[in-house]
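K.L.:
The structure's right below; bear with me while I get my questions together.
The values are calculated or read from the model by the stated rules, or taken from the named source; none is laboratory data. Not measured: the values here are computed from a predicted model. Note that each Cβ is placed from the backbone with ideal geometry, even for glycine, and that neighbours are counted across all protein chains shown.
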Amino acid sequence: MTAIPEYSRAAVLRKFKEPLKIENVPIPKNVETSAALVKIEACSICGTDVHLWQGSLSLTVNLPVIIGHEMVGSILKLGYGADRDSVGNPLRVGDRVIYTHTACGSCFFCTTARKPTLCMNRRAYMYENMEQEPYLLGGFSEYGYILPQAGRLKVPDNVSNELASLSSCALRSVMNAMSQLGEIDPTETVVIQGAGPLGLLATANAKVRGARKVIVIGAPQARLDLAREFGADLCISVENTTAEERLELVKSHTSGRGADIVLEFTGVPAAFVEGLHLARRGARYLIVGQLGEGKTEFQPSLIVKKNITVIGSFSGDARSYSLALDFISRHVVDFPFEKMITGRYKLDEVNVALERMKNMQEIKPVILV
Ligand SMILES: [Zn+2]
Ligand SMILES: [Zn+2]
């Protein structure tokens, strides 16, 4: 085995909005019980990375941090007792894994509420100060550290590093959201707000789950064209329609009623208001994209009078990661997942990739470390 070096090159954010700097960050010598050290193979870029970089997330960030949270790594060193993944697969040096933010397993939210993503003692990658051990808690780095209480899932052989990366955030968030939504009846029409990675993956998932029709609302046109390939029956561009026109279109495809299910993946506060209008009476409305600090004005009586079930869904637990890998592995030939990977960059090009992501020039760029 090759010796593990003392330092890892990693993209560090010291001040919001400023370019990331590639720095030498110590590699922890000691791998704790249940923890693991990985060589990062790939880390895809997410809207959340851009929001964190810009300082616009409504979550605490302890600068300086290593950005990146959608990583796949191959195992270099396993701590004591870390020889199995979260669903029982044996783990050995060299195996590829994706890994979750942590949940303690012993707080109210982990146990009584059964919502580990809401854990009171949650530790999340790319939010923790990189000057403290174990330093390597971000994905744009040569090496990474899997925290003892992080879930970890072995990546199936037929899933590429790029697709494993996108399973670790975009798709696991979709799987968690779909689990919270419950079943989709074959009579139901699903409206998906947003044609970014989550919207596209949700389109594929809603079709597999048996939705009668899936309507995707978003932009730009290239993403809507891709939504078609992921199974959308109708795509509506927000660039050349008004909210009223979109409502009329959705109604015309749902016998005048509106959507049975609306899924929000835009992150744009105003989309929430539009979604309430697109939803039929008695609909389910799942909100996933809203993570920023933006506000919007809406009429709460719409929820009451239409008897809408509004469901928020945040992140995803080990189960969602496992479902995500399983979904990609099973449907890798059914949907053009690879087309979502719009750019491949080296670690040194991370600022270019983030800038392009910010300007909507990418769907899912990947840093190949
Ligand atoms: Zn992400
Ligand atoms: Zn907990």
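K.L.:
Can you find, within the range 216-250, the residue that is farthest from residue 268 (Cα to Cα) among those that are buried (at least 21 other Cβ atoms within 10 Å of the Cβ) and of a type outside the set (A, V, I, L, M)?
P.N.:
230
K.L.:
Another question about this same structure. Of the residues 17, 39, which single one is within 24 Å of the chain's Cα centre (by Cα) and either assigned to a strand (DSSP E or B) or without any contact (Cβ under 8 Å) to a residue 12 or more places away in the chain (or both)? If you could, list the steps in order and put the result at the bottom.
P.N.:
On the way: 17 fails: either assigned to a strand (DSSP E or B) or without any contact (Cβ under 8 Å) to a residue 12 or more places away in the chain (or both).
Going through 17, 39 in turn, just one is within 24 Å of the chain's Cα centre (by Cα) and either assigned to a strand (DSSP E or B) or without any contact (Cβ under 8 Å) to a residue 12 or more places away in the chain (or both): 39.
K.L.:
Taking residue 172 as the residue in question, decide whether it is among the basic types (Lys, Arg), within 16 Å of ligand 1 (Cβ to nearest atom) and modelled with pLDDT of 95 or more. Spell out how you get there, then give the answer.
P.N.:
Details: among the basic types (Lys, Arg): yes; within 16 Å of ligand 1 (Cβ to nearest atom): yes; modelled with pLDDT of 95 or more: yes.
The answer is yes for residue 172.
K.L.:
Could you grab me the full set of residues in the range 43-62 that are within 19 Å of residue 122 (Cβ to Cβ) and assigned to a loop (DSSP other than H, G, I, E, B)?
P.N.:
Taking the range 43-62 as the starting set, the residues that turn out to be within 19 Å of residue 122 (Cβ to Cβ) are 46, 48-49, 51-52, 57-62.
Result: 46, 58, 59, 60, 61, 62.
K.L.:
Something else: Give me the residue from the range 205-243 that is of a type in the set (Gly, Ala, Ser), assigned to a helix (DSSP H, G or I) and in contact with a strand residue (DSSP E or B) (Cβ under 9 Å, 6 or more places away or on another chain) and, out of that set, nearest to residue 276 (Cα to Cα).
P.N.:
Just the residues of the range 205-243 that are of a type in the set (Gly, Ala, Ser), to begin with: 206, 210-211, 218-219, 222, 227, 231-232, 237, 243.
Applying the additional criterion that residues be assigned to a helix (DSSP H, G or I) yields 206, 222, 227, 243.
Remaining after also requiring in contact with a strand residue (DSSP E or B) (Cβ under 9 Å, 6 or more places away or on another chain): 206, 227.
Working: 206: 20, 227: 22 Å.
Ranking the qualifying residues of the range 205-243, first place goes to 206.
Yes/no matrix, rows are residues, columns are (1) crowded, with 17+ Cβ neighbours inside 10 Å; (2) within 16 Å of ligand 2 (Cβ to nearest atom):
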| residue | (1), (2) |
| --- | --- |
| 5 | no, no |
| 31 | yes, no |
| 36 | yes, no |
| 94 | no, no |
| 102 | yes, yes |
| 106 | no, yes |
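K.L.:
Can you tell me which residue among 155, 190 is more than 27 Å from residue 41 (Cα to Cα), more than 16 Å from ligand 1 (Cβ to nearest atom), of a type outside the set (Asp, Glu) and crowded, with 24+ Cβ neighbours inside 10 Å? Quick ask: steps written out before the conclusion?
P.N.:
Working: 155 fails: more than 27 Å from residue 41 (Cα to Cα).
Testing whether each residue is more than 27 Å from residue 41 (Cα to Cα), more than 16 Å from ligand 1 (Cβ to nearest atom), of a type outside the set (Asp, Glu) and crowded, with 24+ Cβ neighbours inside 10 Å leaves just 190.
K.L.:
Can you tell me which of 124, 82 is within 15 Å of ligand 1 (Cβ to nearest atom), in contact with a Ser or Thr (Cβ under 8 Å, 6 or more places away or on another chain), in the same structural domain as residue 362 (by TED's automatic domain parsing) and in a loop (DSSP other than H, G, I, E, B)? Walk me through how you get there before you give the answer.
P.N.:
Numbers: 82 fails: within 15 Å of ligand 1 (Cβ to nearest atom).
Checking each option against the conditions leaves just 124.
K.L.:
Looking at (1) within 23 Å of residue 141 (Cβ to Cβ); (2) buried (at least 16 other Cβ atoms within 10 Å of the Cβ); (3) more than 17 Å from the chain's Cα centre (by Cα), find the lone condition where residue 310 falls short.
P.N.:
(1)
K.L.:
Evaluate the following for residue 164: is it touching a Leu at 6+ places or on another chain (Cβ under 8 Å) and not assigned by TED's automatic domain parsing to the domain that holds residue 68? So that I can check it myself, show each step before the final result.
P.N.:
Details: touching a Leu at 6+ places or on another chain (Cβ under 8 Å): yes; not assigned by TED's automatic domain parsing to the domain that holds residue 68: yes.
Answer is yes for this residue.
K.L.:
Given the conditions (1) over 16 Å from residue 86 (Cβ atoms); (2) hydrophobic (A, V, I, L, M, F, W, C); (3) not in a helix (DSSP H, G or I), which single one is not true for residue 153?
P.N.:
If we test residue 153 against (1) over 16 Å from residue 86 (Cβ atoms); (2) hydrophobic (A, V, I, L, M, F, W, C); (3) not in a helix (DSSP H, G or I), just (1) comes out false.
K.L.:
Scan the range 163-180 for residues that are within 21 Å of residue 191 (Cα to Cα), buried (at least 24 other Cβ atoms within 10 Å of the Cβ) and hydroxyl-bearing (Ser, Thr, Tyr) and report the count.
P.N.:
Number satisfying all stated conditions: 1.
K.L.:
Residues in the range 176-189: is at least one polar (S, T, N, Q), within 30 Å of residue 6 (Cβ to Cβ) and either touching a residue at least 40 places away in the same chain (Cβ under 8 Å) or outside the structural domain of residue 28 (by TED's automatic domain parsing) (or both)?
P.N.:
Taking the range 176-189 as the starting set, the residues that turn out to be polar (S, T, N, Q) are 176, 179-180, 187, 189.
So of that shortlist, the ones also within 30 Å of residue 6 (Cβ to Cβ) come out as none.
Checked the range 176-189: no residue is polar (S, T, N, Q), within 30 Å of residue 6 (Cβ to Cβ) and either touching a residue at least 40 places away in the same chain (Cβ under 8 Å) or outside the structural domain of residue 28 (by TED's automatic domain parsing) (or both).
K.L.:
For the range 85-107, name all the residues that are part of a loop (DSSP other than H, G, I, E, B), under 21 Å from the mean Cα position of the chain (by Cα) and either within 16 Å of ligand 1 (Cβ to nearest atom) or polar (S, T, N, Q) (or both).
P.N.:
Residue satisfying the conditions is 86 alone.
K.L.:
Taking the residues in the range 265-291 that are small (Gly, Ala, Ser) and modelled with pLDDT of 95 or more as candidates, determine which candidate is surrounded by the fewest Cβ atoms within 10 Å (Cβ to Cβ). It would help to see each step written out before you state the result.
P.N.:
Pass one, the range 265-291, residues small (Gly, Ala, Ser): 267, 270-271, 275, 279, 282-283, 289.
Subset that is modelled with pLDDT of 95 or more: 270-271, 275, 279, 282-283.
Working: 270: 14, 271: 24, 275: 24, 279: 26, 282: 12, 283: 23.
Applying the filter and picking the extreme gives 282.
K.L.:
Give the range 43-94 a look and list any residue that's closer than 22 Å to residue 148 by Cα and among the hydroxyl-bearing types (Ser, Thr, Tyr), or say none.
P.N.:
Result: 60, 74, 80, 86.
K.L.:
Return yes or no: is residue 262 under 19 Å from the mean Cα position of the chain (by Cα), at pLDDT 95 or above, more than 22 Å from residue 360 (Cα to Cα) and surrounded by 23 or more Cβ atoms within 10 Å (Cβ to Cβ)? Write out each step before concluding.
P.N.:
Working: under 19 Å from the mean Cα position of the chain (by Cα): yes; at pLDDT 95 or above: yes; more than 22 Å from residue 360 (Cα to Cα): yes; surrounded by 23 or more Cβ atoms within 10 Å (Cβ to Cβ): yes.
The answer is yes for residue 262.
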